[in-house]
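Novice: One structure follows; several queries about it will come next.
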């Protein structure tokens, strides 16, 4: 099992400055947070199992361990998670030094599941729910040493969505490890604070487009609120309004020249909002937004007036070894995989509000988002439903400035509930944000209860096709915009699509292609979001050893053959793609992949070569997939027994060679890969990067059938988030770990991987002070 806690002694913790707040950071743009003097509460906290007196100022901390945030309360591996290991109460204690006794607040972006916050021995706040932030007033900060103590309750039997006070964690389709698993900040704030800014573009497609601002203060003050709208570093317009009460609303016009936000051109705007009293600026915030017009109609989805067939996947936020507790760079990386590698135009955040860093990346990359409230298949009692309504408010208020979000999921996923409840949740979302429609993913058992009054987009988790039956989709329902929000998963095709089973992953790719082809055939489908992007931890039906193998990429975010279908759906002028849907490996199939072997490509022609000699041309499968922009090919690749030739595939578009790929049949030339996503990380304790460790042929293609153990050794000032020994036989020849630096001076992290047959490989990551690019 992986040890997710930093390997740092208490002496090292104190030497690193663990008794002080480290690293000045600004609040996340567009979200309520402590002011510009706030600091990130990442390194270091003292952590342990809760015991009586643990929140008191003088509590003996000798048995607590130093940890970094974000943090999971229990060691995890990549499979076989045990919910009993986190179902308890836990204590986090943080010492920090304040120079003054002025007003302070603390913000927690996510604590799983319930939290009590104590300052200097006094309870100052409680919070329910693990997926939304909360901000806490700290009324008794003293000049000098202060102690912030957070009691985290990770037990299942809490009456908080998606949990239910009955059953156990396996009654829903994802595990939820406890901890302070998202960032936290604390800092001094002004006496009058901007608690929220909603920047809503209006009349986007008309010459008179404007920005409607709703600014909320925590106390009235004599003065005005000003706003400057900027794009690409240039002010486009500005406006102001006097303060009367605690809510200030006004519009900023003169925005005819603003560049619209689009999936292919995600042009963002910054809005600088200032609270002024006389000549003094009392508070200031920068929020981001984007001008775009998104419409779901009975004739499809339209973005900025043009039809766009939504093409996407669902995403869970869970990672191996750490649960949800990985830093913001790692969260952002998922959005990059979805948009840049899988060519998705939309992602569904199933089944809860996800990291703000992930949503920020969606804004920047042009990835549209469905966001929904926490819940899965069940609606609880009155108290649970009140929490459900609070989640709607928290989700909408936190995220309504994100241009990427185009629909609010205000129904609990696949749950009947009461019509009255869903009318309330939908009405509340529309009151808080009149610019987006509401919806909720329905199952076959709930589709018949759709009345149309509580949602504006009919969204259906379409598992009409089951294992052993021809794949099909239910036709759109007339008179209402229609979106497929799930399909395939583990219900169509194999029970588990693991890389170690070549037939199941090959079938998975075909099913995903067929689903999107069927959706593309009818303009009444707004689009299709298949299940799902990444494998995820689950104890529910059809899980295997605590993992649901439904992803087109595995839990390490390493692509399976189904990902090749998504990768191929891009204009070859942007990126030419040739990805075989088979393994060029003669261990199990001495004669090769055989006739009709699939190749996923966006090229017009594919020429085949064996050991440099022409071996024919792959056949287009356009007749089977008539509506895909880029249908797959089939190749007849039968090799005489005993030969292990090199395969070359040349791809042509517009009459010219645009890509050439080689694949080695000789396992004796295979090597071990050890490659980080990022060459540099911040040495501030709040950064991390993935390192993919894989068996590769001589040309860099994954050799999925490789077995044996890989032993990992990390040197340098940081921690290995992952198992120190990886079993390639279980993971299909590839896995990943994450590197997290400690806070401290610049340095180097070096990860060395060793395999008995493939040799060794090394990944080196530089640790630098200050800001490092995240994409």
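Novice: Using the structure shown, decide if residue 347 is touching a strand residue (DSSP E or B) at 6+ places or on another chain (Cβ under 9 Å) and farther than 27 Å from residue 179 by Cα. Talk me through it step by step, then tell me what you get.
Specialist: On the way: touching a strand residue (DSSP E or B) at 6+ places or on another chain (Cβ under 9 Å): yes; farther than 27 Å from residue 179 by Cα: no.
So residue 347 fails the test.
Novice: If residue 514 satisfies all but one of (1) in a helix (DSSP H, G or I); (2) modelled with pLDDT under 95, what's the number of the condition it fails?
Specialist: Answer for residue 514: the failing condition is (2).
Novice: Take the range 435-473 and flag every residue that is surrounded by 16 or more Cβ atoms within 10 Å (Cβ to Cβ), closer than 30 Å to residue 200 by Cα and at pLDDT below 85.
Specialist: Answer for the range 435-473, where residues must be surrounded by 16 or more Cβ atoms within 10 Å (Cβ to Cβ), closer than 30 Å to residue 200 by Cα and at pLDDT below 85: 450, 454, 455.
Novice: Regarding residue 684, is this residue modelled with pLDDT under 95 and either assigned by TED's automatic domain parsing to the domain that holds residue 357 or within 30 Å of residue 330 (Cα to Cα) (or both)?
Specialist: In short, yes.
Novice: Let me ask another. Test residue 493 against the stated conditions and say whether it is crowded, with 21+ Cβ neighbours inside 10 Å and at pLDDT below 95.
Specialist: Numbers: crowded, with 21+ Cβ neighbours inside 10 Å: yes; at pLDDT below 95: yes.
The answer is yes for residue 493.
Novice: Go through the range 598-615 and give me each residue that's surrounded by fewer than 21 Cβ atoms within 10 Å (Cβ to Cβ), in a strand (DSSP E or B) and touching a residue at least 12 places away in the same chain (Cβ under 8 Å). Reasoning before the result, please.
Specialist: To start, the set of residues in the range 598-615 that are surrounded by fewer than 21 Cβ atoms within 10 Å (Cβ to Cβ) comprises 604-605, 607-615.
Remaining after also requiring in a strand (DSSP E or B): 605, 607-610, 613-615.
Within the range 598-615, 605, 607, 608, 609, 610, 615 qualify.
Novice: Here is a follow-up. Condition first: touching a strand residue (DSSP E or B) at 6+ places or on another chain (Cβ under 7 Å) and under 23 Å from residue 547 (Cβ atoms). Can you find one or more residues in the range 447-464 that meet it?
Specialist: Step one: list which residues in the range 447-464 are touching a strand residue (DSSP E or B) at 6+ places or on another chain (Cβ under 7 Å), which gives 447, 450, 455-462.
Next cut, under 23 Å from residue 547 (Cβ atoms) only: 461.
Looking through the range 447-464, at least one residue is touching a strand residue (DSSP E or B) at 6+ places or on another chain (Cβ under 7 Å) and under 23 Å from residue 547 (Cβ atoms).
Novice: Follow-up. Which residue out of 586, 565 is at pLDDT below 95 and either surrounded by fewer than 22 Cβ atoms within 10 Å (Cβ to Cβ) or in contact with a strand residue (DSSP E or B) (Cβ under 9 Å, 6 or more places away or on another chain) (or both)?
Specialist: Details: 565 fails: at pLDDT below 95.
The match here is 586.
Novice: Inside the range 519-542, can you point out the residues that are buried (at least 22 other Cβ atoms within 10 Å of the Cβ) and not in a strand (DSSP E or B)?
Specialist: Answer for the range 519-542, where residues must be buried (at least 22 other Cβ atoms within 10 Å of the Cβ) and not in a strand (DSSP E or B): 519, 532, 533, 535, 538.
Novice: Got at least one residue in the range 616-636 being assigned to a strand (DSSP E or B), under 30 Å from residue 82 (Cβ atoms) and not assigned by TED's automatic domain parsing to the domain that holds residue 701? Give the derivation first.
Specialist: Going residue by residue through the range 616-636, those that are assigned to a strand (DSSP E or B) are 616-617, 619-620, 633-636.
Filter again for under 30 Å from residue 82 (Cβ atoms), leaving none.
No: the range 616-636 contains no residue that is assigned to a strand (DSSP E or B), under 30 Å from residue 82 (Cβ atoms) and not assigned by TED's automatic domain parsing to the domain that holds residue 701.
Novice: Moving to a separate point now. With the requirement that a residue be surrounded by fewer than 20 Cβ atoms within 10 Å (Cβ to Cβ), without any contact (Cβ under 8 Å) to a residue 40 or more places away in the chain and outside any loop (DSSP other than H, G, I, E, B), what does the range 667-712 give you?
Specialist: Within the range 667-712, 668, 669 qualify.
Novice: Scan 647, 657 and give me the residue that is under 29 Å from residue 620 (Cβ atoms) and either crowded, with 23+ Cβ neighbours inside 10 Å or in contact (Cβ under 8 Å) with a residue 24 or more places away in the chain (or both).
Specialist: 647
Novice: In the set 255, 338, which member is touching a strand residue (DSSP E or B) at 6+ places or on another chain (Cβ under 7 Å), buried (at least 18 other Cβ atoms within 10 Å of the Cβ) and either assigned to a loop (DSSP other than H, G, I, E, B) or at pLDDT below 95 (or both)? Don't jump to the end; show me each part of the working.
Specialist: Details: 338 fails: either assigned to a loop (DSSP other than H, G, I, E, B) or at pLDDT below 95 (or both).
Only one candidate passes the filter, namely 255.
Novice: Given (1) in contact with a strand residue (DSSP E or B) (Cβ under 9 Å, 6 or more places away or on another chain); (2) closer than 17 Å to residue 81 by Cβ; (3) outside any loop (DSSP other than H, G, I, E, B), where does residue 185 come up short, assuming only one miss?
Specialist: Here residue 185 meets the rest and fails (2).
Novice: Go through (1) crowded, with 24+ Cβ neighbours inside 10 Å; (2) under 23 Å from the mean Cα position of the chain (by Cα) and name the single condition residue 422 misses.
Specialist: (2)
Novice: Which ranges mark the helices (runs of 4 or more DSSP H) fully within the range 356-450 that have 2 or more residues being more than 23 Å from residue 107 (Cβ to Cβ) and in the same structural domain as residue 325 (by TED's automatic domain parsing)?
Specialist: Working: elements: 356-365, 382-399, 419-432, 444-447.
Filter on the range 356-450 gives 382-399, 419-432, 444-447.
Novice: Return only the number of the condition from (1) closer than 25 Å to residue 578 by Cα; (2) surrounded by fewer than 16 Cβ atoms within 10 Å (Cβ to Cβ); (3) at pLDDT 95 or above; (4) in contact with a helix residue (DSSP H, G or I) (Cβ under 8 Å, 6 or more places away or on another chain) that residue 775 does not satisfy.
Specialist: Residue 775 satisfies every listed condition except (3).
Novice: Then there is this: Evaluate the range 691-705: report whether one residue or more is at pLDDT below 95 and within 27 Å of the chain's Cα centre (by Cα).
Specialist: yes
Novice: Something else: With the range 718-775 as the region, which strands (runs of 3 or more DSSP E) entirely inside it contain at least 2 residues that are free of Cβ contacts under 8 Å to residues at least 24 places away in the same chain? Give the derivation first.
Specialist: Working: elements: 718-721, 725-727, 734-741, 747-755, 759-768.
Correct list: 725-727.
Novice: Within the range 370-384, can one find any residue that is modelled with pLDDT of 95 or more and under 13 Å from the mean Cα position of the chain (by Cα)?
Specialist: yes
The values are calculated or read from the model by the stated rules, or taken from the named source; none is laboratory data. Predicted model only: the values in this text are computed from it and were never measured. We place every Cβ from the backbone using ideal geometry, glycine too, and count neighbours over all the protein chains shown.
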